[in-house]
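Participant: Okay, handing you the structure first.
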Amino acid sequence: MSNHQAVEMYNFHNWANETIFKRLKELPESVYRQEMTSVFPTAAKLMAHIYIVDLCWIYVLEGVDMNKAGADARLNQEEIENMSLEELEGAYTELSRRFQDWIALGQDLDQRFMLDNPYTRKRDTSYAEVLFQVANHGTYHRGNLSAMLRQIGQSSVMTEYALYWYNE
């Protein structure tokens with residue numbers, strides 16, 4: 001397994017998502033689908049979004065053009081959004097294994113490739129930068145989730161990188 005900092009950041013992302021799933025399972029079941037006016041209308045839709053975007057990025061790492069990767073990742077969006085918390089957690093565990101399997105292949109993470117991002121433009125990037133993006137995107141939305149939970153009177157859980165250091 002690579003000791004590249006990008007892999008460490010992906011491992012942090014995975015740990016933080018597991019920590020959030022654990023916290024959500026501790027809350028009343030209704031909280032997961034409780035409607036609110038926020039960045040996402042429910043915690044379920046936010047968690048599904050993290051999963052769908054991670055799915056898009058693993059497709060990209062596996063060599064799929066980003067346009068197709070995004071379309072393929074969103075194919076079952078409604079089904080993913082309607083999964084129970086436990087079902088989504090299981091799907092995320094499988095997706096995490098795909099990332100770990102890809103990492104275990106030993107790809108040179110500093111290798112550059114052309115990313116044709118349909119939301120912006122083409123960009124020369126590296127596999128490491130994709131892993132950093134996955135971790136950063138998840139961190140952003142886990143922060144959204146913490147705020148959403150507090151908005152409805154529930155506490156969240158810390159998922160800071162510095163806390164991860166002590167949970168390895």
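Participant: ³J(HN,Hα) across segment 138-147 via Karplus (A = 6.51, B = -1.76, C = 1.60, θ = phi - 60°), whole Hz, x for Gly/Pro?
Facilitator: With coefficients 6.51, -1.76 and 1.60, one gets x, 4, 4, 7, 5, x, 4, 4, 4, 5 Hz.
Participant: For the chain, what is the convex hull (Cα atoms) projected area averaged across all directions, in square nanometres?
Facilitator: 9.7 nm²
Participant: Using the Cα centre as the reference, give the magnitude of the dipole from point charges on the C-beta atoms of segment 6-99 (Lys, Arg: +1; Asp, Glu: -1; all else neutral), rounded to the nearest 20 debye.
Facilitator: Charge dipole, segment 6-99, about its Cα centre: 160 debye, nearest 20.
Participant: Could you tell me how far the Cα centroid of segment 88-127 sits from the Cα centroid of segment 150-168, in Å?
Facilitator: 25 Å
Participant: Another question about this same structure. Sorted by mean Cβ packing within 10 Å, highest first, what order do the peptides 76-83, 5-12 take?
Facilitator: 5-12, 76-83
Participant: Now for a separate question. Name the residues whose placed amide hydrogens come within less than 5 Å of the amide hydrogen of residue 117, ignoring near sequence neighbours (fewer than 5 apart) on the same chain.
Facilitator: 122, 123
Participant: Right, next: What chymotrypsin sites (Phe, Trp or Tyr not before Pro) in segment 71-136 are in a loop by DSSP, with at most 13 other Cβ atoms within 10 Å of the Cβ?
Facilitator: Listed in order of number, the matching sites are 119.
Participant: Test of understanding: ordering 61, 105 by Cβ neighbours within 10 Å, fewest first, what list do you get?
Facilitator: In increasing order of surrounding Cβ atoms, one gets 105, 61.
Participant: Still on this model: Considering only lysines 8 or more places apart in sequence, or on different chains, count the pairs in the chain whose C-alpha atoms sit under 25 Å apart.
Facilitator: 4
Participant: Let me ask something additional. Magnitude of the Cβ-charge dipole of the chain, K/R +1 and D/E -1, about the Cα centre, nearest 20 debye?
Facilitator: Roughly 440 debye for the chain.
Participant: Can you tell me the orientation of helix 85-104 relative to the chain, as the angle in degrees between its alpha-carbon axis and the longest Cα principal axis, to the nearest 10?
Facilitator: Its long axis makes an angle of about 20 degrees.
Participant: Which angle between 0 and 90 degrees, to the nearest 10, do you get for helix 5-26 versus the longest principal axis of the chain when only C-alpha atoms count?
Facilitator: Long axis of 5-26 versus the principal axis of the chain: about 20 degrees.
Bear in mind that the values in this text are calculations on the coordinates, not laboratory data. Given the structure is predicted, the values throughout are model-derived calculations rather than measurements. Methodologically, a virtual Cβ is constructed for each residue, glycine included, from the backbone with ideal geometry; neighbour enumeration extends over all protein chains shown.
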